[in-house]
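**Student:** Below: one structure in structure tokens.
The values are calculated or read from the model by the stated rules, or taken from the named source; none is laboratory data. Just so it is clear, the model here is predicted, and its values are computed rather than measured. Methodologically, a virtual Cβ is constructed for each residue, glycine included, from the backbone with ideal geometry; neighbour enumeration extends over all protein chains shown. Remember, those area values only see protein heavy atoms, side chains included, never the ligands or the DNA or RNA. Shrake-Rupley method; radii C 1.70, N 1.55, O 1.52, S 1.80 Å.
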Amino acid sequence: MRFDSYMLFLGLAVFVLAGPIVGQESARQQTDFLSIFDGQSLDGWSGNSKFWSVEDGAITGQTTADNPTDGNTFLIWQGDADGKEIGDFELRLKYRIQAGNSGVQFRSKDLGEHRVAGYQADIDAGNNYTGILYEERGRGILARRTQQITIDESGKKSASDHQTCDEQKLLASLKKDGWNEYVIRANGNHLVQTLNGHVTVDVTDRQTDKSKSAGILALQLHAGPPMKIQFKDIQLKRLTGDE
């Protein structure tokens, strides 16, 4: 075999061998996100069946005048091979809401009887609270939309002059009857929420006696007037190291 032919053959062999390796790496990166809702059932979730079901391929929480909830009630994720509690993570999901108030609980505590306490990425149909960071059964509103907040060891909050997004552009992006994309990222004491591509809040929580480094994930159905909330395409990635 001539030398130039040999080199061509060697190059092709390397290309063929490298192809699957690159493909496998790409697939591995994609599977870093775990789909935690199968689109068909509530397998892996626990909630009051009077209020939670699957409708049109989405988790659906609904109350009516004839079927109200006495208090806020939650659908709680039951975990995977790594457990029920989540520490550092990124969560991606889509939601749409018809009336009422809801939210995504994270690093929260299961109080029993489908009640929880902890951080909440807020959602409401009137978009008065959508995008804020709230603490259910705790410190209340931790950050309002556009705020970059640091909470010190004593609980004192200080706001940066920097605004995380243009609030009017955020509000204009929210779809009343369509799906909205929420991304929640918690890494150490740094909590960031992004809605339809707009960073709504950026919080550093250093109040060690109140902040939580790990906890459960849950979806809220709020007490009050009849309402309906739906969630789909729920994907979770547990963060490690410097991600």
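**Student:** Name the residue, out of THR200, THR204, that is touching a helix residue (DSSP H, G or I) at 6+ places or on another chain (Cβ under 7 Å) and farther than 14 Å from ARG92 by Cα.
**Tutor:** Of the residues listed, the single one that is touching a helix residue (DSSP H, G or I) at 6+ places or on another chain (Cβ under 7 Å) and farther than 14 Å from ARG92 by Cα is THR200.
**Student:** Kindly evaluate GLU167 against the criterion of being of a type in the set (Asp, Glu), open to solvent by less than 60 Å² (accessible area, probe 1.4 Å) and either more than 12 Å from ASP202 (Cα to Cα) or touching a Leu at 6+ places or on another chain (Cβ under 7 Å) (or both).
**Tutor:** Answer is no for this residue.
**Student:** So which pairs qualify, if the first residue must be in segment 192-207 and under 14 Å from ASP122 (Cα atoms) and free of Cβ contacts under 8 Å to residues at least 24 places away in the same chain, the second must be part of a strand (DSSP E or B) and among the acidic types (Asp, Glu), the Cβ gap must be under 6 Å, and the two must be at least 6 apart or on different chains?
**Tutor:** What qualifies is VAL192/ASP202.
**Student:** Quick test of your reading of the structure: LYS228 fulfils all but one of (1) among the charged types (D, E, K, R); (2) in contact with an Asp or Glu (Cβ under 8 Å, 6 or more places away or on another chain); (3) closer than 26 Å to GLN168 by Cα. Name the failing condition by number.
**Tutor:** Failing condition for LYS228: (2).
**Student:** Need the failing condition index for ASN196 against (1) crowded, with 17+ Cβ neighbours inside 10 Å; (2) in contact with a Gly (Cβ under 8 Å, 6 or more places away or on another chain); (3) of a type outside the set (A, V, I, L, M, F, W, C), just the number.
**Tutor:** Here ASN196 meets the rest and fails (2).
**Student:** Restricting attention to segment 110-122, does a residue exist that is more than 23 Å from VAL192 (Cα to Cα), in a strand (DSSP E or B), out of contact with any Lys or Arg (no Cβ under 8 Å at 6 or more places or on another chain) and open to solvent by less than 40 Å² (accessible area, probe 1.4 Å)?
**Tutor:** Checked against the condition, which is being more than 23 Å from VAL192 (Cα to Cα), in a strand (DSSP E or B), out of contact with any Lys or Arg (no Cβ under 8 Å at 6 or more places or on another chain) and open to solvent by less than 40 Å² (accessible area, probe 1.4 Å), segment 110-122 yields at least one hit.
**Student:** Report yes if some residue within segment 111-120 is under 18 Å from ALA58 (Cα atoms), in contact (Cβ under 8 Å) with a residue 12 or more places away in the chain and not β-branched (Val, Ile, Thr); otherwise report no.
**Tutor:** no
**Student:** When both residues are 6+ apart or on different chains and their Cβ atoms are under 8 Å apart, which pairs have a first residue that lies in segment 154-172 and is closer than 17 Å to ILE141 by Cβ and of a type outside the set (A, V, I, L, M, F, W, C), and a second that is open to solvent by 70 Å² or more (accessible area, probe 1.4 Å) and outside any strand (DSSP E or B)?
**Tutor:** As it stands, the answer is GLY155/LYS210, since those pairs meet every condition given.
**Student:** For ALA13, which of the numbered conditions (1) modelled with pLDDT of 50 or more; (2) open to solvent by less than 40 Å² (accessible area, probe 1.4 Å); (3) small (Gly, Ala, Ser) fails to hold?
**Tutor:** (1)
**Student:** Starting from residues that are in contact with a Lys or Arg (Cβ under 6 Å, 6 or more places away or on another chain) and under 15 Å from GLU181 (Cβ atoms), keep the ones in segment 80-109 and report whichever is most open to solvent (accessible area, probe 1.4 Å). Quick ask: steps written out before the conclusion?
**Tutor:** Filtering segment 80-109 for residues in contact with a Lys or Arg (Cβ under 6 Å, 6 or more places away or on another chain) gives 89-90, 94, 98, 107.
Add one more test, that the residue is under 15 Å from GLU181 (Cβ atoms), and what stays is 90, 94.
On the way: GLU90: 26, LYS94: 61 Å².
Once the filter is applied, the top-ranked residue is LYS94.
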